[in-house]
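Single-structure report; data block below.
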Amino acid sequence: MRRWLSVFLVGGNLAYRGLFNWIHPAIYIPTMLGAPLFQLIFFTKLGQFAHAENRDFYIVGNSIQACAMSSVYGMTMAVANERWFGTLGPLLASPASRSAVFLGRGLPVLANGIFVSTFTFVIGVVLLGFRPGLHSVPSLALIVLVTVVSCTAFGMLLGSIGLRAKDFFFAANLAYFLMLLFCGVNIPLGTLPGWMSAIGRCLPLTHGITAAREVAAGAPLGHVGGLVGTELGIAAAYALAGLVLFRVLERESRRSAVLDAY
Amino acid sequence: MNSLLVIAGGFRMNMKMLGTSAWFLLMAVIQPIIFATIAYYMFRSGGRSGTLLYASLGAGMMGVWSSTLFGSGGMIQWQRWQGTLELGAAAPPSMGLVYLPFSLANSFTGMYALAATLVWGRLLFGVPLHFAHPWLFLLSLPATVAALGLMGLVLASTFILYRHANALSNLLEYPVWIASGLIFSTSLLPGWTRPISWILPPYWGVLAIRHAALGGDVRGPLAMVTLLGLACLVIGFAMFRVFEHFARARATLSLT
């Protein structure tokens, strides 16, 4: 257990530092903070122009969705970049627990996602006049945490595909943009056709965003317990699916000798 | 004559390269369709269904800008990674001329975005494709796309010295969508942003295209977008010359 935890915590941290050694303020600030800031302004103004929903609807939706940039791209890169850097072979030749290796990579990504979401909420408060009420801040924080976990788990699944897929960035980009459309970030689920909202309900973000909107509007945490629980269930399902897929693709890659092949 | 050959050859070459890129397909077709769909639903839920053509044109223009931005931002970086940037700099034509056709090809690839959002809107949302001034629309579109390509040339020139061009590209997508009023009116923005909008070719370009489609004065915005496009051409060439000189003098062209 101690070894598992060591690989999970220390290994995950080292892997993140190694795989993302190119990240420094000149890249991080424009990409991880600048882009969500302007995305928030864009959709809030678009909503205002379209006379669609109120301002808080867009602030909550986009602030939570902002974590997807870290979670989806981060987790995809946390796995797929091993192949890019040529370190996938040695990693998979090690006897380390795959679940520790795999889940450990999610921890720094998770922390980053929480930071980006929090930053976007703060921008909403400072620039757009978002005032959720102090009593709802702890509940909002918990919902953000659960939703970022769920997004990170989804990123794990996409990252696993990166073990084999050649153009994994295409899949990550596509997933990111589709989440904007399907997860009720800027459109109420009730406005979408039934099949689209059904897909949205199977994705991360959707229930978390709905819960956060209710809490921001003054509802107590207990009132949205079901939504938060569903989001957690989705997180567990995606994490499990990602881990299973990782193992399956690892075995298949070994069997067909295509581990480092592009 | 030689310059025209360089432009035609570079344009053709880059169009072929972009045509094989799945990522560009995402940028030029899929992403604009997703944004157009979001805009359609937002406009519909706000009871502004009559403005769906407005949303189509705006989302298409957003795609043109994304293609230009990521294409031009990536152009120098990709050449750097592939080791061909030095060849471009050492070629007999000026560096600006070498990269002008690449930048134009990036923005013209973005025209797929406009086609995609118009077809998508027509087929799935029944957006009426009745243009108030069809001939002026056909004139405004290439003028705007070319101006965006020339704006991309200015951006690309600055990326010669900047190691993290891709990060800057990530940042600049939404601000230009916002400041140019591509899908909503800039009157919603604070007054101090107005001069920023005025110096952006896409601001005038989308006005020309929108007025050609929905009615309104086309010639004024069209003249402005043409003028700003030419200004970008001059600035782009001058900046390429200056930044190329710096990069050579400091031996930092490859930035590796």
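The values are calculated or read from the model by the stated rules, or taken from the named source; none is laboratory data. Predicted model, so just to flag it, every value in this text is computed and none were measured. When we count neighbours, we look across all protein chains shown, and the Cβ atoms used for this are built from the backbone with ideal geometry, even at glycine. Ligands, DNA and RNA are excluded from the accessible area calculation, which covers all protein heavy atoms including side chains. Shrake-Rupley method; radii C 1.70, N 1.55, O 1.52, S 1.80 Å.
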Handout entry: Test for A:MET69: is it in contact with a Phe, Trp or Tyr (Cβ under 8 Å, 6 or more places away or on another chain), part of a helix (DSSP H, G or I), under 23 Å from A:GLY104 (Cβ atoms) and within 12 Å of chain B (Cβ to nearest Cβ)
Key = yes
Problem - Lone unmet requirement of (1) in contact (Cβ under 8 Å) with a residue 60 or more places away in the chain; (2) not in a loop (DSSP other than H, G, I, E, B) for A:ILE29 - result: (1)
Problem - Set B:VAL64, B:VAL6, B:VAL29: member being away from every other protein chain (no Cβ under 12 Å), closer than 30 Å to A:PHE182 by Cα and β-branched (Val, Ile, Thr) - result: B:VAL64
Exercise for the section: Check the stretch A:9-26 and report whether any residue there is farther than 26 Å from A:SER99 by Cβ and open to solvent by less than 60 Å² (accessible area, probe 1.4 Å). Expected result: yes
Exercise for the section: For B:ALA22, indicate whether it is closer than 25 Å to B:LEU172 by Cβ and more than 10 Å from chain A (Cβ to nearest Cβ). Expected result: no
Handout entry: All positions within the stretch A:32-55 that are more than 7 Å from chain B (Cβ to nearest Cβ), assigned to a helix (DSSP H, G or I) and either of a type in the set (Gly, Ala, Ser) or farther than 18 Å from A:TYR176 by Cα (or both)
Key = A:THR44, A:ARG55
Practice task
Take the residues in the stretch B:86-108 that are part of a loop (DSSP other than H, G, I, E, B) and not hydrophobic (A, V, I, L, M, F, W, C), then tell me which one is nearest to the chain's Cα centre (by Cα).
Solution key: B:SER94
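Yes or no, residue by residue, for (1) buried (at least 22 other Cβ atoms within 10 Å of the Cβ); (2) within 14 Å of another protein chain (Cβ to nearest Cβ):
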residue: A:ALA111; (1), (2): no, no
residue: A:PHE121; (1), (2): yes, no
residue: A:GLY124; (1), (2): yes, no
residue: A:GLY129; (1), (2): no, yes
residue: A:HIS135; (1), (2): no, no
residue: A:GLY162; (1), (2): yes, no
Exercise for the section: Any chance you could count how many residues in the stretch B:228-256 are assigned to a helix (DSSP H, G or I) and basic (Lys, Arg)? Expected result: 2
Problem - Hits in the stretch A:172-190 - residues which are open to solvent by 40 Å² or more (accessible area, probe 1.4 Å) and more than 14 Å from A:GLY200 (Cβ to Cβ) - result: A:LEU174
Practice task
Assess whether A:ILE23 counts as being part of a loop (DSSP other than H, G, I, E, B), within 14 Å of chain B (Cβ to nearest Cβ), closer than 25 Å to A:LEU145 by Cα and without any contact (Cβ under 8 Å) to a residue 12 or more places away in the chain.
Solution key: yes
Exercise for the section: Say whether the condition of being open to solvent by 30 Å² or more (accessible area, probe 1.4 Å), touching a residue at least 60 places away in the same chain (Cβ under 8 Å), under 21 Å from the mean Cα position of the chain (by Cα) and away from chain B (no Cβ under 14 Å) is met by at least one residue in the stretch A:199-207. Expected result: no
Exercise for the section: For the stretch B:90-105, enumerate the residues that are open to solvent by less than 10 Å² (accessible area, probe 1.4 Å) and over 14 Å from B:GLY9 (Cα atoms). Expected result: B:MET95, B:GLY96
Exercise for the section: Go through the stretch A:179-198 and count every residue that is touching a residue at least 24 places away in the same chain (Cβ under 8 Å) and out of contact with any helix residue (DSSP H, G or I) (no Cβ under 6 Å at 6 or more places or on another chain). Expected result: 2
Completion exercise
Apart from one, (1) open to solvent by 20 Å² or more (accessible area, probe 1.4 Å); (2) facing another protein chain (nearest Cβ under 10 Å); (3) in contact (Cβ under 8 Å) with a residue 60 or more places away in the chain all hold for A:LEU158; the odd one out is (2)
Handout entry: Wholly enclosed helices (runs of 4 or more DSSP H) of the stretch B:109-227 bearing at least 2 residues within 20 Å of the chain's Cα centre (by Cα) and away from chain A (no Cβ under 14 Å)
Key = B:111-125, B:134-158, B:194-198, B:201-214
Practice task
Give the residue, chosen from B:ALA213, B:ALA231, B:ALA249, B:ALA208, that is surrounded by 16 or more Cβ atoms within 10 Å (Cβ to Cβ), of a type in the set (A, V, I, L, M) and more than 22 Å from B:LEU150 (Cβ to Cβ).
Solution key: B:ALA213
